[in-house]
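The values are calculated or read from the model by the stated rules, or taken from the named source; none is laboratory data. For clarity, every value in this text was computed on a predicted model and none was experimentally measured. Every residue, glycine among them, receives a Cβ derived from its backbone with ideal geometry; neighbour counts consider all protein chains shown.
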Amino acid sequence: MTVSTRALRSFIVDALVTAGADWQEAETQADIMVWSDAMGRDTQGVWRLPMMVERLQNGLHTTPVSLEFEEVGPSLCRVDGQAGLGYVVATQAMDKAIDLAASQGIGCVAVANSSHLGAAGYYVFQAAERQMVGLCFSNSIPRVVPPGGTGKVWGTNPLAIGCPRQNGRHVLIDMATAATAGSTMTKAEQAAQHSGGKGNRGSTLQPDPFPPGGTNPMAGGKGFALGFAVELLSALITGAGITHELRSMHNDMSGPAGNGHLMMAIHIERLMSLDCFYARLEGVIGEIHQAGGRVPGELRWQTYGALTEQGIELEPWLLDQLSTIAEEHSLPLPW
């Protein structure tokens, strides 16, 4: 079934508020979730809603949060995320990094005690909208098996880098440092459970002797090193939970998740004029197109245009989950 982005956003807000979220924070969370769905990132959109509702009902998130950014340098802050909604905490952290960059040329915010932040690309999109380069790093529960190893060490640890384009379809590099994103594996496992199957452990999940749910790092040792770098930047130096200290957002309701993030923004105009930057960027993009390639994020923007107009297609089993939420909280369905 296809649901309009407007109706989907309204339903997400109502469901989160009914479960205990602050209204403004629910709107922020819903905006990012619908943006993710419209960009074709369905593992970071409304599929996450049942989990979020359950966590709110179990009192696992502080909402609203009142973040106190401690300035530890002219362009560096750290902040306790207070176990807030991850999308909300990450948005405020990037806003702070952007403000620091506006005054100092570069801004960096280290976040501890947060939770899953969804699509990392959204936060560098925030920076690009302010005509800055954005960087985002975040850690996640252990899933990655090191090359030649047999145990899961750290998560699929996403990173994102983005920069503005004059046409508004900003360059968005957003990727897991593992061969498969953790959210992709989790959603596939859920879909298999609802369809009565056992899942596909072919190229997505590792065969024995790797632990269930494990995956290889992207590009072997290089990807493993990148995952290490993300763990270093988002968790080790931020004071957040590391590796097995993290709790699964979906499968562990015993306490806050403990994720860490690092948000950075770079003020382009401190280095060159925007006109100069845009000319240089479009020159590079032109070379990519001439070579038959696509710019990172380009296909996402094409998807965004189509799905914003046509609506979001939801799987039957996900519709069932949303219908259950609607019934339990006496909410009108968005379809």
Given (1) β-branched (Val, Ile, Thr); (2) touching a Pro at 6+ places or on another chain (Cβ under 7 Å); (3) part of a loop (DSSP other than H, G, I, E, B), index of the condition Ile325 fails: (3)
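Tell me yes or no: at least one residue of the range 247-256 is of a type in the set (Lys, Arg) and surrounded by 12 or more Cβ atoms within 10 Å (Cβ to Cβ). Even if it seems obvious, please write down each step before you answer.
Filtering the range 247-256 for residues of a type in the set (Lys, Arg) gives 247.
Still in the running and surrounded by 12 or more Cβ atoms within 10 Å (Cβ to Cβ): 247.
Yes: the range 247-256 contains one or more residues that are of a type in the set (Lys, Arg) and surrounded by 12 or more Cβ atoms within 10 Å (Cβ to Cβ).
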Count of residues meeting criterion [surrounded by 13 or more Cβ atoms within 10 Å (Cβ to Cβ) and part of a helix (DSSP H, G or I)] in the range 291-301: 3
Which listed residue is in the same structural domain as Val124 (by TED's automatic domain parsing) and in a helix (DSSP H, G or I), from Asp252, Asp275: Asp275
Members of the range 45-80 that are farther than 23 Å from His329 by Cα and touching a residue at least 40 places away in the same chain (Cβ under 8 Å): Val65, Phe69, Arg78
Complete set of residues in the range 1-10 that are in a helix (DSSP H, G or I) and among the β-branched types (Val, Ile, Thr): Thr5
Qualifying residues in the range 35-68 (those that are in contact with a strand residue (DSSP E or B) (Cβ under 8 Å, 6 or more places away or on another chain) and aliphatic (A, V, I, L, M)) - the one surrounded by the most Cβ atoms within 10 Å (Cβ to Cβ): Val46
Contacts under 8 angstrom Cβ, first residue in the range 11-36 being assigned to a loop (DSSP other than H, G, I, E, B), partner buried (at least 20 other Cβ atoms within 10 Å of the Cβ) and of a type in the set (Val, Ile, Thr), 6 or more apart: Gly20/Thr63; Ala21/Thr63; Asp22/Thr63
Index of the failed condition, Gln24 passing every other in (1) under 14 Å from the mean Cα position of the chain (by Cα); (2) surrounded by fewer than 18 Cβ atoms within 10 Å (Cβ to Cβ): (1)
Matching residues, the range 145-184, being at pLDDT below 95, more than 14 Å from Gly227 (Cα to Cα) and buried (at least 21 other Cβ atoms within 10 Å of the Cβ): Ser183
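Against the definition (outside any helix (DSSP H, G or I), small (Gly, Ala, Ser) and in contact (Cβ under 8 Å) with a residue 60 or more places away in the chain), how does Ala265 come out, yes or no?
Numbers: outside any helix (DSSP H, G or I): yes; small (Gly, Ala, Ser): yes; in contact (Cβ under 8 Å) with a residue 60 or more places away in the chain: yes.
Spelling it out, Ala265 is indeed outside any helix (DSSP H, G or I), small (Gly, Ala, Ser) and in contact (Cβ under 8 Å) with a residue 60 or more places away in the chain.
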Some residue of the range 102-110 being among the small types (Gly, Ala, Ser) and either without any contact (Cβ under 8 Å) to a residue 40 or more places away in the chain or under 22 Å from Trp35 (Cα atoms) (or both): yes
Strands (runs of 3 or more DSSP E) contained entirely in the range 62-125, each with at least 1 residues that are modelled with pLDDT of 95 or more and within 12 Å of His261 (Cα to Cα): 76-80, 106-114
